[in-house]
1. Can you name every residue in the range 62-80 that is within 19 Å of residue 99 (Cα to Cα), surrounded by 13 or more Cβ atoms within 10 Å (Cβ to Cβ) and either out of contact with any Phe, Trp or Tyr (no Cβ under 9 Å at 6 or more places or on another chain) or without any contact (Cβ under 8 Å) to a residue 12 or more places away in the chain (or both)?
2. With the structure loaded, tell me whether residue 44 is modelled with pLDDT of 95 or more, closer than 14 Å to residue 6 by Cβ and loosely packed, with under 15 Cβ neighbours inside 10 Å or whether it fails that test.
3. Where the second residue is open to solvent by 60 Å² or more (accessible area, probe 1.4 Å) and assigned to a loop (DSSP other than H, G, I, E, B) and the first is over 24 Å from residue 87 (Cβ atoms) and lies in the range 1-25, which pairs have Cβ atoms under 9 Å and are six or more apart or on separate chains?
4. In the range 105-116, is there at least one residue being part of a loop (DSSP other than H, G, I, E, B), within 23 Å of residue 41 (Cβ to Cβ) and of a type in the set (A, V, I, L, M, F, W, C)?
5. For the subset of the range 6-33 comprising residues that are small (Gly, Ala, Ser), modelled with pLDDT of 95 or more and open to solvent by 40 Å² or more (accessible area, probe 1.4 Å), which member is farthest from residue 105 (Cα to Cα)?
6. Name the pairs: first residue in the range 43-56 and among the β-branched types (Val, Ile, Thr), second residue exposed (fewer than 12 other Cβ atoms within 10 Å of the Cβ), Cβ to Cβ under 9 Å, at least 6 apart or on different chains?
7. Given the residues 71, 66, 101, 45, which is the only one that is among the charged types (D, E, K, R) and touching a Lys or Arg at 6+ places or on another chain (Cβ under 9 Å)?
8. Being buried (at least 17 other Cβ atoms within 10 Å of the Cβ), modelled with pLDDT of 95 or more and at negative phi narrows it down to one residue among 59, 99; which is it?
Amino acid sequence: QVRLVESGGGLVQPGGSLNLSCIVSGSSDSITAMGWYRQAPGKQRELVATITSSENTDVADSMKGRFSISRDNAKNTASLQMDSLQLEDTAVYYCYADVRRWGRLSTNRCWGQGTQVTVSS
């Protein structure tokens, strides 16, 4: 069974930085895309960033220039570097991985448990 574990969240002052990590284990199938969503209290979940198996990246407009996403050579770990953090970045951040089963065209999206990021003065 595929498992995703996020880490690196915490409390940071405005203007500070955090690096989130997502480790995927338990899958012998290929991972296509990985990425991050976030959800703030009382708000809808929003996409933060994605990265494909070819390491093409996309970051949400409001976070471009501040956030960046990367993944390791084995395609089993994704990181989210967050700089110049603002109060509005406070949210639970969730990692996902799209896993392609052998012989299938579709992928199954697997989720981590989330890690809290709190930006406060």
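The values are calculated or read from the model by the stated rules, or taken from the named source; none is laboratory data. Here the structure is a predicted model, which is why all the values come from computation and not from measurement. Quick reminder, even Gly has a Cβ in these numbers, built from the backbone with ideal geometry, and neighbours come from all protein chains shown. To get the accessible areas, we keep the full protein, side chains included, count just its heavy atoms, and leave off ligands, DNA and RNA. Shrake-Rupley method; radii C 1.70, N 1.55, O 1.52, S 1.80 Å.
1. At the first step, the residues of the range 62-80 found to be within 19 Å of residue 99 (Cα to Cα) are 69-79.
From what's left, surrounded by 13 or more Cβ atoms within 10 Å (Cβ to Cβ): 69-71, 75-79.
Result: 70, 71, 75, 76, 77, 79.
2. Details: modelled with pLDDT of 95 or more: yes; closer than 14 Å to residue 6 by Cβ: no; loosely packed, with under 15 Cβ neighbours inside 10 Å: yes.
Here the answer is no, as residue 44 does not meet what is asked.
3. Note: pairs meeting the criteria are 4/113; 5/113.
4. Looking only at the range 105-116, we keep the residues that are part of a loop (DSSP other than H, G, I, E, B), and these are 105-106, 112-114.
After this cut, where a residue has to be within 23 Å of residue 41 (Cβ to Cβ) as well, the list is 112-114.
Narrowing further to those that are of a type in the set (A, V, I, L, M, F, W, C): none.
Scanning the range 105-116 turns up no residue that is part of a loop (DSSP other than H, G, I, E, B), within 23 Å of residue 41 (Cβ to Cβ) and of a type in the set (A, V, I, L, M, F, W, C).
5. 15
6. 50/56
7. On the way: 71 fails: touching a Lys or Arg at 6+ places or on another chain (Cβ under 9 Å); 66 fails: touching a Lys or Arg at 6+ places or on another chain (Cβ under 9 Å); 101 fails: touching a Lys or Arg at 6+ places or on another chain (Cβ under 9 Å).
When all the criteria are applied, what remains is 45.
8. Working: 99 fails: modelled with pLDDT of 95 or more.
Unique residue meeting the criteria: 59.
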